[in-house]
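Okay, so here's the structure we're looking at.
Read-outs: derived from the displayed coordinates by stated rules, not from any lab. Quick caveat: nothing in here was measured; it's all calculated off a predicted structure. Note that each Cβ is placed from the backbone with ideal geometry, even for glycine, and that neighbours are counted across all protein chains shown.
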Amino acid sequence: MWGDSWADGTFRKQWDLNVGSKYRTLLAYVGNSAPDIAPWRANIVTNYTFQNGFLKNVNVGAGYRWEDKKILGYGLSLNPDTNTYTPDTDKPLKGDSTDHVDLWVGYSRKLTDKIDWRIQLNLRNVGENHHLEAASLNPDGAVALARIVEGTTWQLSNTFSF
């Protein structure tokens with residue numbers, strides 16, 4: 001009646017394996033920090049435009065981005081009543097904190113009474129290389145999922161405002 005997957009155990013055992021364990025996992029996460037979200041982050045941005053001299057209308061700027069360690073998974077704890085494992089939210093597995101530097105330089109001028117032009121070169125993640133970073137960890141701390149982190153990239157933009 002229940003198919004092959006139910007033939008080797010009692011209804012309660014199968015219920016616990018297929019439904020109960022997922023429900024207990026969900027309950028373990030309630031009230032805890034969400035994985036992959038940094039609890040703290042800071043962004044600092046500055047820009048300066050020269051008003052006089054041979055650098056008139058040139059702008060230079062920098063940005064700094066920092067993120068605290070993110071929770072990438074949890075260890076496991078054994079529930080002796082059900083003989084099943086659930087995430088142990090007292091044992092979070094965290095990644096590294098990250099920081100990045102961005103730089104830019106630009107120039108702007110008025111082309112006509114109604115048209116302004118701006119060109120800017122942006123460097124993002126200055127001094128970094130492309131690399132893999134853990135996005136999720138298994139309960140034993142092994143990497144379950146990784147993402148590609150961009151190294152230094154550059155972007156040149158031209159803008160006409162009218």
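Calculated translational diffusion coefficient of the chain (25 °C, 0.890 mPa s; Stokes-Einstein with Kirkwood radius over alpha-carbon pairs) equals 118 µm²/s. For segment 23-64, the average shadow cast by the Cα convex hull is 4.5 nm², which is a quarter of the hull's surface.
Once the other residues with Cβ under 14 Å from the Cβ of Ile148 are scored (Lys, Arg +1; Asp, Glu -1), what is the net sum? Surrounding charge for Ile148 is -2. When the trypsin sites (Lys or Arg not before Pro) in segment 91-162 are filtered for DSSP coil states and for at most 16 other beta-carbon atoms within 10 Å of their beta-carbon, the remaining sites are Lys114.
Pairs of Cα atoms nearer than 8 Å and 6+ residues apart set the relative contact order; for the chain it is 18 percent. With helices as the sole contributors, the chain gives -2000 deg cm²/dmol at 222 nm; each DSSP H run of n ≥ 4 counts as -39500 (n - 2.57), and the sum is divided by every residue.
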